[in-house]
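Visitor: Next up is a structure, given as structure tokens.
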Amino acid sequence: VPAVRPGRLYSAADPLELLGPGAEQRLLGSSSAWAVVFFASWCGHCIHFAPVWRALAHDIRGEPAVVLAAIDCADEDNQQVCSDFGITGFPTVKFFRAFSKKPEDGIRITNPSATVKDLRHAIVTNLEQSQDAWPPACPPLEPASAEEVRTFFQRNKDQYLALIFEKSSSFVGREVALDMLQYENIAVRRVLSSEEELVEKFGVTSFPSGYLLLRNGSFSRLPVHVEARSFYTYYLRTLSGITRGSYKLNATASASNETDRVSHPLRADRSKLYMADLESALHYSLRVEAARASSLSGAQLAAFKCYVATLVKYFPGRPCVQTYLQTLDAWLRNWTEPELPRTVLKEAMKNNRDASQPSVLPTNVTWVGCQGSERHFRGYPCGLWTIFHLLTVQAAQNGPDKELPLEVLSTMRCYVQHFFGCQECAEHFEAMAAKSMDRVASREEAVLWLWSHHNEVNARLAGGDTEDPKFPKLQWPPPDLCPQCHKEEQGVHAWEEPAVVTFLKAHFSPANIYMDYAEPDPIPVAREGTGTRLGTAGPPEERGRGEEEEKETEGEARVPGHPGSPEPRRPSIVRLNPKLREGGEDIVDLDSFSEQHFKSQALRAAAGRRRRISKRDTIALPRGAAAGRERRRAPGLLLREEEEEEDAREGLRRSPWLRVLGLGFSRLDISLCVALYFLSSMCLLGMYTFFRLRTRARKGCPGFPMA
């Protein structure tokens, strides 16, 4: 079974089976052992519970009757496995009896965050309830009768029989029996205090008590300092003739020595947002969390449709991501069935890089501003919080303040309720929403509500197991990011909420989203270097490219780096993903080259009919003035320019042969070529006719040689 580290919380030294794809083969149909599986994720409570599960693994190590395993459901490779086992929240612990046939046969163990002792008792209780599927190699856990003890050595070859006298509510006898299962020449049975015959025979006066019987009929009390499981087990393992059997210990399937720590941390500025974080969180929320269930229906399906519609409306993504969200939203609107199977949804959420407008949401997960010091810190929860803050701010910036104030918050609430993997986190968020969300009366209040409750969550989790020591959970924004956001009232810290709103609108704006470490566009619309922001100018050296074309026409002037703007550069004849282009030679696409080239020529020709701009005519304008000039341009001029460009495109559509014949030529050039071709053809035809007639005339002469 491929080994996967659950949230990178376990090491190769832990006695756990770390399962991945194909886990059903390991867990189902086994006739030799029961299995207890911990389904984990990035969830903070999984991180909190990990030490308990690790301690449990060490506590019951060497017990071949129980296989303790873990599966990382945050890993996309395990998404199908976790879905098949019906895992929708974390942490989840399930018990699988021997001979289990289906994933649905797993029994959920309630209160998975209990102590090691409580979990051990829960496992024993589930073992006892599996009488109809008892593995033959496992010891009996039911109380022994006087008759069984009397005839034990006649029916077994063991050298010793240990009897643990206890009350019915005690687990000591059953735990010792499981501990000693892998040792030969000894058997362990529990005897209840209600078995009066045996109690009187051995003179038992206190419970629990341990006694050792030999084959010769003699017995003695176990000489232990404390009547407890660990003392009984240690003493019995030291008896003469007791050897470890052939049972294999539970061993991790991973021999990897990879470390939890991030080997090459990415450099990030906490005053910036990173598109890599946003797209990684968006990919995980849509393709992993929302698609975890086998199908969506009812309130779940409505919540998913609402989530995608809100993203389409307010998420400031790159053109390829916006096209992806719009395509998915349109597909969901057309879905009218009451149930949406996961396989159908997964197919609908695939990227389409070959479309005229690529529909792509990157699948690689790269954390920059949300990167933690270790792999299980920060990451997706940080990215999702960032998306939610971004959506509330964009809604406040792009709509009437009093209209639909709960539009984004309600979408968040439904998403967290139906899809967020951390069950306890979802319950906390729902409690906060039920308490005060309905009092939000404007979109700016929605921004403040989310900010204040995020700080409330940070205060509750500060100093806990889920806190990254390198990134402590503080009240945000800190004074060094927004000094005007803080004040003191009567010696007590307070927030300056108007300043906070101003800061949030600036921080969560498209202009503050940087493209560092983001996956390149499928068909780049702008050459953006490191540090380029979404919606701002790129580096000077890239703005210089295509400068001559910009001087040619006013219509071609643009702001480099702006999404959706045409870039003034020579058309590329290579349309490959940059990653594929690194390792192999360029592949030339002549069709796309001819189309792009003629389109460029046609647009230049249309622009040539307008006034050309020289360096002497060009004056430097401030950004605001330039924008004002664009607004003051006559509507007729704008309409005429659009008509000329449309005529050029229409000519391209009407003359597909020009894509092949017109490479680098004007219409006049092509017309002359056709005329010359026709004249030369006629000349050749005339010459052929002349010589043919002359040959026939010569054949009629008497002196013409005959064959």
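Visitor: Restricting to the range 68-99, give me the number of residues that are open to solvent by 10 Å² or more (accessible area, probe 1.4 Å) and in a loop (DSSP other than H, G, I, E, B).
Guide: Total satisfying the criteria: 7.
Visitor: Right, here's the next one. Name, by its number, the condition in (1) open to solvent by 70 Å² or more (accessible area, probe 1.4 Å); (2) in a strand (DSSP E or B); (3) not β-branched (Val, Ile, Thr) that does not hold for LEU340.
Guide: (1)
Visitor: Kindly indicate which of VAL321, VAL393, VAL368, VAL408 is open to solvent by less than 30 Å² (accessible area, probe 1.4 Å), out of contact with any Cys (no Cβ under 9 Å at 6 or more places or on another chain), touching a residue at least 40 places away in the same chain (Cβ under 8 Å) and not in a helix (DSSP H, G or I).
Guide: VAL368
Visitor: Okay, next question. Would you check which residues across the range 195-211 are within 23 Å of PHE153 (Cα to Cα) and out of contact with any Leu (no Cβ under 6 Å at 6 or more places or on another chain) and list them?
Guide: Hits for the range 195-211 are GLU195, GLU196, GLU197, LEU198, VAL199, GLU200, LYS201, PHE202, GLY203, VAL204, SER209.
Visitor: Which condition breaks for LYS350 when tested against (1) farther than 24 Å from VAL393 by Cα; (2) open to solvent by 20 Å² or more (accessible area, probe 1.4 Å); (3) touching a Lys or Arg at 6+ places or on another chain (Cβ under 8 Å)?
Guide: (3)
Visitor: Sticking with this one: Are there any pairs, at least 6 apart or on different chains, whose C-beta atoms fall under 9 Å, with the first in the range 425-448 and not assigned by the TED database to the domain that holds VAL393 and the second modelled with pLDDT under 95 and assigned to a helix (DSSP H, G or I), and if so, which?
Guide: Once the first residue is not assigned by the TED database to the domain that holds VAL393 and sits in the range 425-448, no partner that is modelled with pLDDT under 95 and assigned to a helix (DSSP H, G or I) comes close enough.
Visitor: Hey, could you check the range 453-501 for residues that are of a type in the set (Val, Ile, Thr) and at pLDDT below 85 and say which is least open to solvent (accessible area, probe 1.4 Å)?
Guide: The selected residue is THR466.
Visitor: Taking the condition of being open to solvent by less than 30 Å² (accessible area, probe 1.4 Å), assigned to a helix (DSSP H, G or I) and farther than 16 Å from PRO381 by Cβ, how many residues in the range 419-447 meet it?
Guide: 6
Visitor: If you check LEU340, LEU328, LEU266, which single one turns out to be within 22 Å of LEU384 (Cα to Cα) and in the same structural domain as HIS376 (by the TED database)?
Guide: When all the criteria are applied, what remains is LEU328.
Visitor: Considering each of LEU198, LEU181 in turn, give the residue that is outside the structural domain of ILE60 (by the TED database), in contact (Cβ under 8 Å) with a residue 12 or more places away in the chain, surrounded by 17 or more Cβ atoms within 10 Å (Cβ to Cβ) and not in a helix (DSSP H, G or I).
Guide: Exactly one of LEU198, LEU181 is outside the structural domain of ILE60 (by the TED database), in contact (Cβ under 8 Å) with a residue 12 or more places away in the chain, surrounded by 17 or more Cβ atoms within 10 Å (Cβ to Cβ) and not in a helix (DSSP H, G or I), namely LEU181.
Visitor: Tally time: how many residues in the range 229-243 are open to solvent by 30 Å² or more (accessible area, probe 1.4 Å) and of a type outside the set (Ser, Thr, Tyr)?
Guide: Total satisfying the criteria: 4.
Visitor: Another one. Take the residues of the range 324-337 that are closer than 28 Å to PRO520 by Cβ and hydroxyl-bearing (Ser, Thr, Tyr): which is surrounded by the most Cβ atoms within 10 Å (Cβ to Cβ)?
Guide: TYR324
Visitor: Right, another one. Among what's in the range 32-67 and is open to solvent by less than 30 Å² (accessible area, probe 1.4 Å), of a type outside the set (Val, Ile, Thr) and in a helix (DSSP H, G or I), pick the residue that is modelled with the lowest pLDDT.
Guide: Filtering first and then ranking leaves GLY44.
The values are calculated or read from the model by the stated rules, or taken from the named source; none is laboratory data. Computed from a predicted model, the values in this text were never measured in an experiment. Backbone-built Cβ (ideal geometry, glycine too); neighbour counts: all protein chains shown. Note: areas computed on protein heavy atoms with side chains; ligands, DNA, RNA excluded. Shrake-Rupley method; radii C 1.70, N 1.55, O 1.52, S 1.80 Å.
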